[in-house]
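> Provided herewith is a single structure, encoded as structure tokens, for subsequent inquiry.
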Amino acid sequence: MGNARYLPPDSRAEGAAGHPAMVLTTTILASSLSFIDGSIVNVGLPAIGHGLGADGAQLSWVVNGYLLPLSALLLTGGAAGDLFGRRRLLVSGLVLFAVASLLCTFAPTFGWLLAGRVLQGTGAAMLMPNSLAILAATFDGARRGRAIGIWAAAGAVGAAGAPLLGGWLIDAVGWRWMFLMNLPIALAAIVMAMRYVPTGGGDAKPQLDVPGALLASAALALLTWALTIISEARMLPMRAAIALLIGIALGIAFVVAEHRRGDRAMLPLALFHSRGFVGLTVLTFLLYGALGGVLVLIPYVLIRLAHYPALVAGAALLPLPIVISVASPLMGRMAGKLGARLPLSIGPVIVGGGLLLATRIPSDGNYWTGTFPAMVVIALGMAGAVAPLTTAVFASVQNRHAGVASGFNSAMARTGGLVATALLGGVLAASGLQLAAGYDMALMVGAACAAAAGVVAFITIEGRRDL
């Protein structure tokens, strides 16, 4: 099992960076693109649907068109950074994300917008795991826990603060501008990466697991499409059943292929010899699935049922970044000293309580008595989980697999959101009382998943041994 003080093979080069604070700033800027874009689009869904004539099922693909390649290719992105150099993959991902944002901005049809979202997800899959791996290689011990706490807090601020700016842009000049705001962030991150981030990567012979990446992508695409159809139809159509079966078969083929490739696989199955890593994987899928669903639904319901302007709906999420930005660094330090088991057991249960509180939102249009208490409780729970989870994942595997572990954990977070959003297609297509009823049911399921994540953490994480 890994030790937080033992760094990846290239750590001497990266850890010797003369400007660790600037490296931290660079990783925050880079990863914030993914956090910001993933949250700001949730506020823009009603405006996009109106502007491009998209229905509820199509709107779910505005989210999933981004999450699908992000989930499937994060594994490849992390492994590629280990093999070819993390700075190179980081900068390439930033460039692709910027170009894709331009495509989304000027998309003439829904199909072009979806293409841009897929390219954005691909770029994010390159920059996300490598920004974290660079961070882990630059800091060690307690400094790593503090740095990850700051990184997590900054990401949370960007993710939940962006809808406020996005809502203002949507109300003032239109939804296309929310994609254009990515460009200055991407440009600043590229310049800083080239200036402050040393070159570095693994010492293995460069070779990528192309069959594994294709199998994972195809399996996730088919499963997501099938779940979207089932959610919208509220039954199991034949085409969805066939897609499910093929997707499951491709998933099994992916596991077999990875087993045969051994350490050359983009997802070495040896990672799962760690009981802690398995538990953290399940926890991540459940917790981020619950959170991803609610972050899509709450702004949508506030706009559709409570008739909030986009700006106000975006502002409704502000308690999330404020609370997490204050509490995440503290929880990162606590996890570094005391272990991750307690915060990762309690935090998800608190999130579940917040999701139950959020069921009051459709019937209580008052922000302070309906939305605000739920968002504060959800934020408190997530603050207890975000930084300890990231630290525990790095520490639960051998350090030569740091990039792969980072990519896989991020993939599980996005896959949880991907599955949740696919299952929300029917809710997004509903209106009136049906929308309110579907919203309540979705949040109760999310609360159960979050609570289950806490139970998994308590059973599988073994305190200091996992850090």
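The values are calculated or read from the model by the stated rules, or taken from the named source; none is laboratory data. The model shown is predicted, which means the values in this text are computed figures rather than measured ones. For neighbour counting, all protein chains shown are included, and Cβ atoms are generated from backbone atoms with ideal geometry for every residue, glycine included. For accessibility, only protein heavy atoms count, side chains too; no ligands or nucleic acids. Shrake-Rupley method; radii C 1.70, N 1.55, O 1.52, S 1.80 Å.
> If I stretch the segment between V278 and A115 completely, what's the gain in nm (0.36 nm per residue apart, minus their alpha carbon distance), one decimal? Mind showing how you got there, number by number?
Numbers: separation 163, 0.36 × 163 = 58.68 nm, distance 3.36 nm.
Roughly 55.3 nm would be gained on extension.
> Given a Förster distance of 25 angstrom, what is the FRET efficiency for W368 paired with V173, based on the Cβ-Cβ distance and rounded to 0.05? Kindly include the intermediate steps, with their values, before the conclusion.
Values: r = 29 Å, r/R0 = 1.18.
Result of the calculation: an efficiency of 0.25.
> To continue, here is another question. Given a cut-off of under 8 Å on Cα pairs at least six residues apart, what relative contact order in percent is computed for segment 17-154? The partial results should precede the final answer.
Working: 158 pairs, mean separation 47.3, N = 138.
Relative contact order comes out at 34 percent.
> Go through segment 111-124 residue by residue and turn each phi into a ³J(HN,Hα) via Karplus (6.51, -1.76, 1.60, θ = phi - 60°); whole Hz please, and just put x for glycine and proline.
3J(HN,Hα) across segment 111-124, in whole Hz: x, 5, 4, 5, 4, x, 5, 5, 5, 4, x, 5, x, 5.
> Ordered by residue, what ³J(HN,Hα) values in Hz, to whole numbers, does segment 171-179 give under the Karplus form 6.51 cos²θ - 1.76 cosθ + 1.60, where θ = phi - 60° and Gly and Pro are x?
The phi angles translate into 5, 8, 10, x, 5, 5, 5, 5, 7 Hz.
> Counting only protein heavy atoms and a 1.4 Å probe, tell me what percentage of the chain's accessible area is made up of carbon and sulfur.
Details: 12280 of 17350 Å².
Taking all protein chains in place, the chain shows 71 percent carbon and sulfur surface.
> Tell me, which longest segment in the chain has none of the trypsin sites (Lys or Arg not before Pro) that fall in DSSP loops with at most 11 further Cβ atoms within 10 Å?
Formally, the longest exposed-site-free interval is 235-467.
> Within the chain, which is the longest segment containing none of the chymotrypsin sites (Phe, Trp or Tyr not before Pro) that sit in a DSSP loop and have at most 14 other Cβ atoms within 10 Å? If you can, show how the numbers build up before the last one.
Numbers: sites that count: Y6, F106.
That gives 107-467 as the longest site-free run.
> OK, next. Rounded to whole Hz and in sequence order, give me ³J(HN,Hα) for segment 364-371 from the Karplus expression 6.51 cos²θ - 1.76 cosθ + 1.60, θ = phi - 60°, writing x for Gly and Pro.
Residue by residue, segment 364-371 yields 10, x, 6, 5, 6, 9, x, 6 Hz.
> Taking the Cβ of E258 as the center, what net charge do the other residues with Cβ under 15 Å away carry, scoring Lys and Arg +1 and Asp and Glu -1? All intermediate terms of the calculation are to be shown ahead of the outcome.
Details: positive: R260, R261, R264; negative: D209, D263.
Surrounding charge for E258 is +1.
> Moving on. How high is the relative contact order of the chain, in percent, with contacts defined as C-alpha pairs under 8 Å that are six or more residues apart? Walk me through the numbers before you get to the answer.
Values: 964 pairs, mean separation 127.6, N = 467.
The normalised contact order for the chain reaches 27 percent.
> If you average the alpha carbon positions of segment 228-251 and of segment 269-297, how far apart do those two centres end up, in angstrom?
Result: 23 Å between the Cα centres.
> Let me ask something else about it. Shape verdict for segment 152-196, please, from the Cα gyration tensor: rounded (a/c under 1.5), prolate (a/b greater than b/c) or oblate. Kindly include the intermediate steps, with their values, before the conclusion.
Numbers: a/c = 4.73, a/b = 1.58, b/c = 2.99.
Judged from the Cα gyration tensor, segment 152-196 comes out oblate (a/c at least 1.5, b/c at or above a/b).
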